[in-house]
Amino acid sequence: MTDAASHIPLPRPGMGASKARMDEILRVDHAGEYAAVLIYRAQKAVFEGRKAHGDMARDLGEMQDQEAVHLARFERLLNERRVRPTAMTPLWRIAASALGAGTALMGEKAAHACTEAVESVIEKHYADQIAEIGDRDPALAAELKQFRDEELAHHDHAIDHGSREAPAYRLLSGVIKAGCRVAIKVSEKV
Ligand SMILES: [Fe+2]
Ligand SMILES: [Fe+2]
């Protein structure tokens with residue numbers, strides 16, 4: 001016999017709810033990759049042409065190119081699935097460029113600390129999404145898994161290059177991670 005009072009029905013969102021959630025996922029991922037391209041571009045601009053920072057500029061360029069591939073993929077998905085980008089784009093452009101330039105001006109290790117912080121939040125964010133949409137959209141989940149692996153490579157590269165020796169590492173890392181988490185929440189909805 002069923003005890004009606006203790007029976008809590010599972011949420012059963014209709015197609016509309018499901019589409020709305022998928023829209024949020026694509027919108028926030030697009031925003032994140034857009035910001036990633038701008039952070040690496042701004043960092044690269046600081047190191048480019050500086051003697052002794054050639055390797056750094058080259059590595060940043062390679063990461064920027066990978067982020068550009070991620071961004072292009074989400075741009076296509078937004079178009080195909082008729083999802084609007086976040087209205088926060090102009091603000092994210094300023095914030096991401098400032099974050100990239102600001103950390104690079106603090107030095108290579110601070111730039112790496114920025115990468116480690118951003119990529120740690122992003123890879124976790126992708127992991128959550130992969131778990132969430134694995135059944136609903138396995139093809140997209142597989143793409144997100146590939147992107148996540150690349151974010152993890154960026155993250156590990158940063159640690160290998162001394163991110164944790166950056167000045168005020170804990171503060172810097174904490175502030176950047178908190179900012180990323182807020183940006184994720186906002187970009188899903190706004
Ligand atoms: Fe990315
Ligand atoms: Fe990345």
Original post:
Where does each of 126, 40 land when they are ranked from fewest to most other beta-carbon atoms within 10 angstrom?
Top reply: 126, 40
Original post:
So what is the relative contact order of the chain, in percent, for Cα pairs below 8 Å that sit 6 or more residues apart?
Top reply: 27
Original post:
Farthest toward the dipole's positive end in region 22-189, which of 122, 32, 98, given Cβ charges of +1 (Lys, Arg) and -1 (Asp, Glu) about the Cα centre?
Top reply: 98
Subject >> Approximate spin-label separation residue 48-residue 175, in nm, with each point projected 7 Å along Cα-to-Cβ >> reply: 2.6
**OP:** Mind jotting down the distance between the C-alpha centroids of region 72-91 and region 124-190, whole Å?
**Re:** 18
Subject >> For the chain, calculated [θ]222 nm from helices alone, where every DSSP H run of n ≥ 4 adds -39500 (n - 2.57) >> reply: -27500 deg cm²/dmol
Subject >> Approximate spin-label separation residue 82-residue 132, in nm, with each point projected 7 Å along Cα-to-Cβ >> reply: 2.3
**OP:** In whole Å, largest first, what are the principal axis extents of the Cα atoms in the chain?
**Re:** 75, 35, 28
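Since every read-out is calculated from the coordinates, none of them should be taken as a lab result. Given the structure is predicted, the values throughout are model-derived calculations rather than measurements. Here Cβ is always computed from backbone atoms with ideal geometry, including for glycine, and neighbour counts include all displayed protein chains.
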